[in-house]
Amino acid sequence: MQVGIPRETLPGETRVAATPETVKKLAQAGHQVQIERSAGLAARYRDSDYEQAGATLVDAAQALGSELVLKVRRPAPAELAHMKAGGVLLGMLDPFDADGLKTLAEAGLTAFALEAAPRTTRAQSLDVLSSQANLAGYKAVLLATQYYGRIFPMMMTAAGTLKAARVVVLGAGVAGLQAIATARRLGAVVEASDVRPAAREQVESLGGKFIDVPYETDEEREIAQGVGGYARPMPAAWMARQAALVAERCKQADIVITTALIPGRPAPVLIQPDTVAAMRPGSVIVDLAVERGGNCPLSVAGEVVDHDGVTLVGLSNLPALLATDASALYARNLLDFLKLVIDAEGRFALPADDDIIKACLVCQDGKVLRSA
Ligand code: NAD
């Protein structure tokens, strides 16, 4: 097949959907790979390395006009204009955005949104949410170190002892767990909260302390189990008890990293403005949920703001700040997904009954297949 890799056009998007490593594998499998010139430059992959791996360098229109297009982000209207009806598209296509999916269906594309893959063992190697969230959790901690005027580990010096930083992580999914592990490696004392009871063991296995918000009713217990591994919105009474406990822990904390998300909904508000006001000057909050409204209403997407000495880091798209590794993992995720839809002769073929394909196929034959 003709496989096209355009350069990403969304501002700040530095990742690329294929690396020389994955291009080599595609070319070896007999595909004709067409990559847009400079597509990998922002992620530090050179055109010459793609050529050596077997790709042809082309312009944007040619890359987008390929039979199969590999993208990081959903194509913008200007990009869609170059895409062929009947073409196949793989990417992070924002499956909860019904209007966005409609534009893909109208362009006649067979489109797969990889974020919609189930969180199962079989889907692990193509799980783009995990590969990218892992890096985001790591980077969140490094950003915190950058804006924090102190150090993370305890340090005994001739001039006196410096105390270890206290880190609170809210939301212990993929990003949160990586943030816990990273903060622990740097020597911080870490506490974490999550609604899902399964998170406790994971937090503790990384050396973190679990902030327990006990369930008081069967309804709370049932909702907290989530669905498909994901959280569901908790009842107001539980959220109020959690807010009180989180406020208390945040007041003692130096760093707060928030990662709490509920699929298809605005991020839950976990840190109220009065909690920020009560935090110590010099504290840092990194809000990883900022693109979905934020876990703290004072976070501003794309900005770092100061609230009376408390720094709120609302930088979005943290994986793009680690573009080389983020692209490497993402490109491998795509390659693994392709194994499901390319047959032994190297042609596109939809398997008849496959839960991963069913979940990810968002547009076909001019129709949106997913109710957002
Ligand atoms: P996510 O990004 O959707 O959410 C981040 C975390 O926020 C989750 O742990 C969620 O429970 C938590 N959260 C939501 N509301 C909260 C609240 N009010 N207070 C505190 N925390 C709250 O989650 P994710 O990182 O994508 O992980 C989702 C699930 O998928 C997890 O159960 C994870 O273990 C699982 N998972 C499974 C696989 C696999 O088996 N292949 C791979 C990756 C993730």
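The values are calculated or read from the model by the stated rules, or taken from the named source; none is laboratory data. Small disclaimer: the values here were computed from a predicted structure and weren't measured. Cβ sites come from the backbone with ideal geometry, for glycine too, and all protein chains shown count toward neighbours. Just so you know, the surface numbers come from the protein's heavy atoms only, side chains and all, with ligands and any DNA or RNA stripped out. Shrake-Rupley method; radii C 1.70, N 1.55, O 1.52, S 1.80 Å.
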Limited to the range 36-92, what total is found for residues that are more than 27 Å from the chain's Cα centre (by Cα), in a strand (DSSP E or B) and more than 15 Å from Thr22 (Cα to Cα)? 2
Which residue pairs have Cβ atoms closer than 6 Å, lie 6 or more positions apart in sequence or on different chains, and pair a first residue in the range 168-183 that is under 19 Å from Lys251 (Cα atoms) with a second residue that is assigned to a helix (DSSP H, G or I) and aliphatic (A, V, I, L, M)? Val169/Ala179; Val169/Ile180; Ala183/Val141
Just the residues that are hydrophobic (A, V, I, L, M, F, W, C) and open to solvent by 40 Å² or more (accessible area, probe 1.4 Å), please, taken from the range 178-194. Leu186, Val189
Within the range 1-30, how many residues turn out to be open to solvent by 50 Å² or more (accessible area, probe 1.4 Å), more than 14 Å from Ala328 (Cβ to Cβ) and touching a residue at least 12 places away in the same chain (Cβ under 8 Å)? 7
Here are some conditions: (1) assigned to a strand (DSSP E or B); (2) surrounded by fewer than 17 Cβ atoms within 10 Å (Cβ to Cβ). Thr311 meets all but one. Which one does it not meet? (2)
Which residues, taken from the range 195-212, are open to solvent by 20 Å² or more (accessible area, probe 1.4 Å) and within 20 Å of the chain's Cα centre (by Cα)? Val195, Arg196, Gln202
When only residues in the range 151-176 that are more than 11 Å from Ile257 (Cβ to Cβ) and within 11 Å of the ligand (Cβ to nearest atom) count, which is surrounded by the fewest Cβ atoms within 10 Å (Cβ to Cβ)? Val174
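Out of curiosity, is Leu41 open to solvent by less than 10 Å² (accessible area, probe 1.4 Å), closer than 17 Å to Leu10 by Cα and modelled with pLDDT of 95 or more?
Numbers: open to solvent by less than 10 Å² (accessible area, probe 1.4 Å): no; closer than 17 Å to Leu10 by Cα: yes; modelled with pLDDT of 95 or more: yes.
Answer is no for this residue.
Just give me the residues in the range 98-123 being in a loop (DSSP other than H, G, I, E, B), within 16 Å of the ligand (Cβ to nearest atom) and not aliphatic (A, V, I, L, M), in sequence order. Please lay out each step first, then the result.
Filtering the range 98-123 down to residues in a loop (DSSP other than H, G, I, E, B) leaves 107-109, 117-123.
Pick out the ones that are also within 16 Å of the ligand (Cβ to nearest atom) and you get 117-123.
Scanning the range 98-123 gives Pro118, Arg119, Thr120, Thr121, Arg122.
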Residue list for the range 250-281, filter: surrounded by fewer than 19 Cβ atoms within 10 Å (Cβ to Cβ), more than 11 Å from the ligand (Cβ to nearest atom) and touching a residue at least 60 places away in the same chain (Cβ under 8 Å): Gln252
Quick check: anything in the range 213-224 within 14 Å of Arg166 (Cα to Cα), more than 9 Å from the ligand (Cβ to nearest atom), among the hydrophobic types (A, V, I, L, M, F, W, C) and buried (at least 17 other Cβ atoms within 10 Å of the Cβ)? no
Across the range 225-249, which residue is farthest from Val269 (Cα to Cα) among those that are without any contact (Cβ under 8 Å) to a residue 24 or more places away in the chain and either within 25 Å of the chain's Cα centre (by Cα) or open to solvent by 70 Å² or more (accessible area, probe 1.4 Å) (or both)? Val227
